[in-house]
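*Asks:* Got a structure here, written out as structure tokens. Questions coming.
What follows is calculated from the coordinates using simple rules that are stated; it is not laboratory data. Fair warning: this is a prediction, and the values are worked out from it, not measured in the lab. Here Cβ is always computed from backbone atoms with ideal geometry, including for glycine, and neighbour counts include all displayed protein chains.
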Amino acid sequence: GAGVSQSPSNKVTEKGKDVELRCDPISGHTALYWYRQSLGQGLEFLIYFQGNSAPDKSGLPSDRFSAERTGGSVSTLTIQRTQQEDSAVYLCASMGGGNTIYFGEGSWLTVV
Amino acid sequence: QQPVQSPQAVILREGEDAVINCSSSKALYSVHWYRQKHGEAPVFLMILLKGGEQKGHEKISASFNEKKQQSSLYLTASQLSYSGTYFCGTATSGTYKYIFGTGTRLKVLA
């Protein structure tokens, strides 16, 4: 596609359940990012993938969070045993050679 | 590690000017500026690389002072469409790991 695609766009889940959020970056972009944005707050860095290098996981808030990127393209962010404080918008972004970061529309997660 | 932006919020009348600052505690290689409207994804405005350059985009320009580890975004003759939250994203040398600032909420009134 032309832009960064994320799914689902909205997800309501019960506390304690696992969720998977998907990101399809712009074709050919080697860098992929996940950020979290709570209501009215800034962009919190979660994880960064660059090509075939080991991902920078330094922003993941707990071991309940994990992410993978298969074949250098699609990425999945998994949150296990969701908590209410996990409710936020999860933004995926990708960057190619032009040094511009393009964001997806986000996945709005609500944990009830 | 997160860059600090100032002011946190600003209200302008159409036609007025504003400056948004972004400061980092780390040596910077590049700075990105983004604008996010409510309920939408952040949109790229411009990138500045190490070298102290100033760039312009219509009536929006920015400067980057790597010695002071600061960047500033200048909005001149503001328009209603400039309303939103502005974020700076910074990366240190040798990496494309971008950390975003605390954000500045800007509202332009008619």
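*Asks:* Which value, in debye to the nearest 20, gives the size of the charge dipole of the protein assembly as shown about its Cα centre, when Lys and Arg are +1 and Asp and Glu are -1 at the Cβ?
*Replies:* It comes to approximately 280 debye.
*Asks:* Can I ask one more? Amide H of B:LEU12: which non-local residues (sequence gap of 5 or more, or other chain) have their own amide H closer than 5 Å, using H built in the peptide plane?
*Replies:* B:LYS107, B:VAL108, B:LEU109
*Asks:* Rg (Å, one decimal) plus Dmax (Å, integer) for the alpha carbons of the stretch B:1-86?
*Replies:* Values for the stretch B:1-86 (Cα only, Rg and Dmax): 12.8, 36 Å.
*Asks:* Follow-up question, since we're still on this one. Would you kindly derive the ³J(HN,Hα) couplings of the stretch A:107-112 from the backbone phi angles with the Karplus curve 6.51 cos²θ - 1.76 cosθ + 1.60 (θ = phi - 60°), listing them in order in whole Hz, with x for Gly and Pro?
*Replies:* After applying 6.51 cos²θ - 1.76 cosθ + 1.60, I find 10, 8, 9, 10, 9, 10 Hz.
*Asks:* Counting only residues 5 or more places away or on other chains, whose amide H sits under 5 Å from the amide H of B:GLY103 once H atoms are built in the peptide plane?
*Replies:* B:GLN5, B:CYS88
*Asks:* Another question, if that's okay. Could you give me D for the stretch A:36-94, from Stokes-Einstein at 4 °C and 1.567 mPa s, where the hydrodynamic radius is the Kirkwood radius over C-alpha pairs? Units µm² s⁻¹, please.
*Replies:* 105 µm²/s
*Asks:* Quick one: Karplus J couplings for the stretch A:45-56, per residue in order, coefficients 6.51, -1.76, 1.60, θ = phi - 60°, nearest Hz, x for Gly and Pro?
*Replies:* 5, 10, 7, 9, 10, 9, x, 9, 6, 4, x, 8
*Asks:* Next question. For the protein assembly as shown, what is the convex hull (Cα atoms) projected area averaged across all directions, in square nanometres?
*Replies:* Projected area, direction-averaged: 12.1 nm².
*Asks:* Pop out the ³J(HN,Hα) list for the stretch A:10-24 in order, Karplus 6.51 cos²θ - 1.76 cosθ + 1.60 with θ = phi - 60°, rounded to Hz; leave Gly and Pro as x.
*Replies:* Running phi through 6.51 cos²θ - 1.76 cosθ + 1.60 with θ = phi - 60° gives 9, 9, 10, 9, 7, 3, x, 7, 8, 10, 10, 10, 10, 9, 10 Hz.
*Asks:* What residue among B:THR85, A:THR70, A:THR30 has its Cα farthest toward the positive end of the dipole of the protein assembly as shown, where the charges are +1 on Lys, Arg and -1 on Asp, Glu, each on the Cβ?
*Replies:* The residue sitting farthest along the positive end of the dipole is B:THR85.
*Asks:* On to the next question. Counting Lys and Arg as +1 and Asp and Glu as -1, each charge on the Cβ, what is the dipole of chain B about the Cα centre in debye, to the nearest 20?
*Replies:* Using only the charged Cβ atoms, the result is roughly 260 debye.
*Asks:* Non-local amide H neighbours of A:GLU105 (under 5 Å, H modeled in plane, Pro and chain starts lacking H): which ones?
*Replies:* A:GLN6
*Asks:* I need the fraction of alpha carbon pairs in chain A separated by more than 17 Å, rounded to a whole percent.
*Replies:* When every Cα pair of chain A is considered, 50 percent fall beyond 17 Å.
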